Amino acid sequence: MNDTMTLSQRADALEQQMSDELDYIVIKSRLYSLADGDMSPPPNAGALMAKNPKLRVLMGDDPRLPPMPEKPTLVDFFKYRFGPAMHVLQSARHAVNAGLPEKMVLACLLHDISTMGFIRGDHGYWGAQLVEPYVDEEVTWAIRAHQVLRFYPDESVGYEYPQSYVKAFGVDYRPDPYVEEDYRRMRNHKWYMSGRMITLHDIYSFDPSVHVELEEFTDVIGRNFRQPKEGLGFDNSPVAHMWRAMIRPAKYL
Ligand SMILES: [Fe+2]
Ligand SMILES: [Fe+2]
């Protein structure tokens, strides 16, 4: 492609290149395009298929991603979608070493699954929703709360505002008003300390020299995560479609 092409010529050339290379067309969800700052209309699947009748949009598995079992377990998601997951594995081990109860170890293990496999912004809210049908209510609550509580220090347990946040967000950063409001609500909740424990064992500075295997937590998961027998994504739960979105993130419809 050369620089003298108009925008639409470039788009045509790109589409042509794509259809030459693949026998399927990837049409991204708008959210992915918006995250690229791209407001342009999606590629026209109909026009592409008219040029190359062999082409299909993705309705099944995405050949670019590792295949997942028919009835995926939480461990399968760690293996095929979330990996390498060292941050949450280190956090969970930290919680074990501090003598936290099993369900809180699970909360630490799951606290960032949304950033690892789904959506970053508001990841505590998304993550809590993802696991809600399968874990103790307190675990869900704590995962949601860590989203908010990590912005607020608590001297009583030695939790300080993370230095990495000062670096990442700037010294003047203040959480959004809805976070402030949630903080005030959560501060007075009976499970406040459970949410706080996640922030305390959250490994803000990832240590590349510490290696933790998921197998270390097989029993904790087995005892505290109600794995649906139909597989995550296929159990008709209110969040099944969210797990399916991670299995097939480029599904056309
Ligand atoms: Fe987090
Ligand atoms: Fe974290």
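Specify which of the listed residues (D207, D235) is acidic (D, E), away from ligand 1 (no atom under 16 Å from the Cβ) and more than 30 Å from G158 (Cα to Cα). Within the list D207, D235, the selection yields D235.
Quick one: which helices (runs of 4 or more DSSP H) lie wholly within region 153-253 and hold at least 3 residues that are more than 26 Å from L31 (Cα to Cα)? Qualifying helices (runs of 4 or more DSSP H): 163-169, 177-187, 192-201, 218-224. Among the residues of region 170-209, those that are closer than 19 Å to R93 by Cα and either over 23 Å from the mean Cα position of the chain (by Cα) or hydrophobic (A, V, I, L, M, F, W, C) (or both) comprise M193, M197, I198, L200, I203, F206, S209. Within region 109-123, the residues that satisfy the criterion of being over 8 Å from the mean Cα position of the chain (by Cα) and not hydrophobic (A, V, I, L, M, F, W, C) are H111, G121, D122.
Residue under question is D182, and the condition is that it be of a type in the set (D, E), free of Cβ contacts under 8 Å to residues at least 40 places away in the same chain and within 16 Å of ligand 1 (Cβ to nearest atom); does it hold? Against the criterion (of a type in the set (D, E), free of Cβ contacts under 8 Å to residues at least 40 places away in the same chain and within 16 Å of ligand 1 (Cβ to nearest atom)), D182 qualifies. Looking only at residues that are aromatic (F, W, Y) and modelled with pLDDT under 95 in region 174-210, which one is surrounded by the most Cβ atoms within 10 Å (Cβ to Cβ)? Here the residue is Y204. Taking region 135-149, which residues are within 15 Å of ligand 2 (Cβ to nearest atom) and not aliphatic (A, V, I, L, M)? Within region 135-149, R144, H146, Q147 qualify. Considering region 111-134, and only residues there that are closer than 19 Å to M193 by Cα and crowded, with 20+ Cβ neighbours inside 10 Å, the residue that is farthest from ligand 2 (Cβ to nearest atom) turns out to be A128. Residues in region 82-103 that are away from ligand 1 (no atom under 15 Å from the Cβ) and hydrophobic (A, V, I, L, M, F, W, C): V96, A98, L100. Where helices (runs of 4 or more DSSP H) fall wholly inside region 1-80, the ranges with 1 or more residues that are within 25 Å of the chain's Cα centre (by Cα), modelled with pLDDT of 90 or more and among the hydroxyl-bearing types (S, T, Y) are 30-35.
Filtering region 110-139 to residues that are polar (S, T, N, Q) and away from ligand 1 (no atom under 11 Å from the Cβ) leaves only Q129.
The values are calculated or read from the model by the stated rules, or taken from the named source; none is laboratory data. The shown structure was predicted, so the numbers you read here are calculated from the model rather than taken from an experiment. Cβ sites come from the backbone with ideal geometry, for glycine too, and all protein chains shown count toward neighbours.
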